[in-house]
Amino acid sequence: MRCNLTEKTQNRILNKNDLTMILNDKTAVGRIIGRVLLIEQDNSYVYNQRTERIEPNKNKYDPLFLYEMLNAPGIRSKIVRQCQGNTQIYVNWPVIANQKYKIPELKEQKIIGFFLKDLDHLITLHQRKLDQLKTLKKYFLQNLFPAKGEKVPRIRFKGFTGDWEQRKLGDIIDSYSGGTPSVGNTAYYGGNIPFIRSAEIDNESTELFLTEDGLSNSSAKMVSKGDILYALYGATSGEVGIAKLDGAINQAILAILPHEGYDAQFIMQRLKRSKASIISTYLQGGQGNLSGTIVKNLIINTPSYVEQVRIGEYFFDLDNLIALHQRKLNQLLTMKKFMLQNLFI
C-alpha cells in the first residue's frame with residue numbers, strides 16, 4: 001500500500017536498518033503478532049499505529065542480529081505469551097521493551113547476523129531454483145504431450161516424427177486395487193510388508209507394515225517397485241507416482257501395469273499432466289473419489305515405444321533434479337531452524 005507524503009506521514013518514515021514490530025493482529029489467531037521486519041533502504045516505508053518502530057543504537061547493537069533474534073522462535077514465543085484480546089490480538093510495546101534479552105558483544109552480534117543473512121540468501125537461491133525447475137516441468141508437461149484435439153506435441157525430441165495414436169488407457173494396461181486388513185486385529189500389523197497408502201505413493205518408506213496374515217486375510221494386494229500407483233480417494237485423488245518399494249496397497253490406490261510396448265514413466269507423467277482436468281470433470285469441487293473404471297476409460301495419445309521411453313527418461317531426470325533441490329532446501333531450512341533455536345537464549 002502506498003501513502004502520500006504529509007506532515008503526519010513525514011514523522012513515520014522509516015530509515016535503513018530500522019526495525020518494525022507488529023503489535024496488533026486483526027484476527028483472533030494472532031499469527032503475525034511480534035513479527036519483525038528489517039528496513040533495507042531510507043525513505044521508502046512508513047509505519048502505522050499497529051506497529052512499533054525500533055531504532056537500534058548501532059554503537060552497541062547490530063540491526064541484523066536484532067532482526068534474527070526477535071524473530072527466533074524461542075524469543076518470539078515470549079512476546080506472543082504477552083498477547084491480549086479476543087477477536088483482535090494485540091501486545092503492548094512497553095511490556096516487550098521491558099523484557100530482558102541476553103545479547104553478546106557487538107562483534108559476535110555481527111558474526112551471527114551475517115551468518116544467518118548468508119544462510120537466508122542460500123535458502124532463497126535454492127527456493128528460486130526449485131521454483132524454476134517446477135515451472136520448467138510444468139512447461140514441458142504442457143508441450144511434450146499433444147494438446148487436446150492435436151495429434152503431435154508442440155515440442156518434440158529430435159529424430160521423432162509421425163502422429164501419436166489415441167488409446168483407451170484400459171486397453172494398454174492391467175490394473176487392480178487393494179484393501180485394508182481389519183484395524184482391530186493386531187496380528188495383521190507390525191510385520192515386514194510395507195503398507196502403502198494414498199499419501200505415500202511417492203515415498204521410499206511407509207508408516208504402517210503388514211504381517212503375512214494381514215496380507216492373506218484381507219484384500220490388500222502387493223505391488224512392485226516401478227509399478228504406477230494412482231490415488232483414487234480423498235485429498236490425494238488424482239495424484240500419481242511410481243512405486244519406490246515393494247509393498248501392499250489398500251482400496252484407495254489403483255496399481256497400473258503397462259502392457260508390453262508401453263512405458264510406465266511415460267504413462268505416469270501423462271496422467272500427472274491430466275490431473276486438473278480429471279479432477280474438474282469427475283470430482284465436484286475437488287471432493288469425492290475416483291474409480292478404477294474412470295481411470296481405465298481415460299483416452300491418452302501415445303507415440304512409438306522408443307519416443308515414450310525418451311520422454312519418460314527426460315521427466316525422470318527432471319524429477320530427480322527437483323527432488324535433489326527440494327532435499328537441499330529442506331536441509332537448509334532445518335539448519336536455519338536449528339540455528340534460531342540454539343544461537344539465541
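Within the chain, which complete DSSP H helices have Cα atoms spanning at least 24 Å along the helix axis and a mean Kyte-Doolittle hydropathy of -1.0 or higher?
Working: long enough: 106-143 (55 Å, -0.44); 305-342 (55 Å, -0.21).
Membrane-span-like by this rule: 106-143, 305-342.
Where nothing but the Cβ of Lys and Arg (+1) and of Asp and Glu (-1) is charged, how large is the charge dipole of the stretch 89-239 around its Cα centre, in debye to the nearest 20?
Numbers: 20 positive and 18 negative charges, 190 e Å.
In total the dipole reaches around 920 debye.
Can you give the extra length, in nm with one decimal, that the chain gains between K107 and H121 once fully stretched, where that is 0.36 nm per residue apart less the Cα-Cα distance?
Numbers: separation 14, 0.36 × 14 = 5.04 nm, distance 2.13 nm.
Taking K107 through H121 to full extension adds about 2.9 nm, to one decimal.
Considering every Cα-Cα pair within the stretch 21-77, what fraction, in whole percent, is farther apart than 13 Å? Working shown, then result.
Values: 1048 of 1596 pairs.
Above the 13 Å cut-off, the stretch 21-77 has 66 percent of its Cα pairs.
Starting from the residue with the highest accessible area, list T180, T211 in decreasing order, probe 1.4 Å.
Ranking T180, T211 by accessible area, largest first, yields T180, T211.
Straight-line reach only, C-alpha to C-alpha below 15 angstrom: list the aspartates and glutamates that K328 could link to, leaving out same-chain residues fewer than 8 apart.
List returned: D120, D131, D319.
Pull up all non-local amide H partners of T51: gap of 5 or more, or a different chain, and H-to-H distance under 5 Å with H placed in the peptide plane.
L23
What distance in nm separates the simple spin-label points at E313 and L257, each placed 7 Å from Cα in the Cβ direction?
The modelled label-to-label distance comes out at 2.6 nm.
May I ask you to derive the FRET efficiency for I13 and V183 from their Cβ-Cβ distance with R0 = 41 Å, giving the value to the nearest 0.05? Numbers along the way, then the final one.
Working: r = 62 Å, r/R0 = 1.52.
Approximately 0.05, to the nearest 0.05.
Need the full-extension length gain, K58 to D131, defined as separation in residues times 0.36 nm minus the C-alpha distance. One decimal, nm. Intermediate results must be reported in sequence, preceding the final value.
Numbers: separation 73, 0.36 × 73 = 26.28 nm, distance 3.70 nm.
Extending this stretch completely gives an extra 22.6 nm.
With every protein chain present, what accessible area does S44 have (1.4 Å probe, heavy atoms only), rounded to the nearest 10 Å²?
Accessible surface of S44 is approximately 60 Å².
May I ask you to list the trypsin sites (Lys or Arg not before Pro) in the stretch 62-127 that are in a DSSP loop and have at most 16 other Cβ atoms within 10 Å of their Cβ? Show your work: numbers first, answer last.
Numbers: sites: R76, K78, R81, K100, K102, K107, K110, K117; in loops: R81, K100, K102.
Counting only loop positions with at most 16 other Cβ atoms within 10 Å, the trypsin sites (Lys or Arg not before Pro) in the stretch 62-127 are R81, K100, K102.
Using DSSP, restrict attention to beta bridges with both residues in the chain and report what percent are antiparallel, rounded to the nearest 5. Display every interim value, and only then the final one.
Working: 34 of 36 bridges.
Given both bridge residues lie in the chain, the antiparallel proportion sits at roughly 95 percent.
Name the long-range amide H neighbours of I253: under 5 Å, sequence gap of 5 or more, or other chain; modelled H, no Pro or chain starts.
Residues meeting the criterion, in which the H sits 1.01 Å from N, are G178, L232.
Nothing charged except the Cβ atoms of Lys and Arg (+1) and of Asp and Glu (-1): what's the magnitude of the dipole of the chain about its Cα centre? Round to the nearest 20 debye.
Values: 45 positive and 34 negative charges, 292 e Å.
My answer is approximately 1400 debye.
Farthest toward the dipole's positive end in the chain, which of F114, T186, Y45, given Cβ charges of +1 (Lys, Arg) and -1 (Asp, Glu) about the Cα centre?
Farthest towards the positive pole: Y45.
As a test of the formula, what do you get for the chain when each DSSP H run with n ≥ 4 contributes -39,500 (n - 2.57) and the sum is divided by the residue count, at 222 nm and rounded to the nearest 500 deg cm²/dmol? Present the calculation step by step, with values, prior to reporting the outcome.
On the way: 10 runs with 130 residues, N = 345.
Computed ellipticity for the chain at 222 nm equals -12000 deg cm²/dmol.
Only loop residues by DSSP count here, and only those with at most 10 other Cβ atoms within 10 Å; note down the GluC sites (Glu not before Pro) in the stretch 205-292 that meet that. Display every interim value, and only then the final one.
Numbers: sites: E207, E212, E239, E260; in loops: E207, E239, E260.
Those that pass, being in a loop and sparsely packed, are E260.
Run through the stretch 17-81 and list the GluC sites (Glu not before Pro) located in a DSSP loop whose Cβ has at most 15 other Cβ atoms within 10 Å.
Working: sites: E40, E52, E68; in loops: E40.
Here the GluC sites (Glu not before Pro) that fit, given the DSSP loop and packing criteria, are E40.
So how much slack lies between Y176 and E40, counting 0.36 nm per residue of separation and subtracting their Cα-Cα distance, in nm? Show your work: numbers first, answer last.
On the way: separation 136, 0.36 × 136 = 48.96 nm, distance 5.79 nm.
Working it through step by step, the gained length comes to 43.2 nm.
The values are calculated or read from the model by the stated rules, or taken from the named source; none is laboratory data. Since the structure is predicted, the reported quantities are computational estimates derived from the model, not experimental observations. Don't worry about glycine lacking a Cβ; one is built from the backbone with ideal geometry, like all the others, and counts go over all protein chains shown. Please note that ligands, DNA and RNA were not included when accessible areas were found on the heavy atoms of the full protein model with its side chains. Shrake-Rupley method; radii C 1.70, N 1.55, O 1.52, S 1.80 Å.
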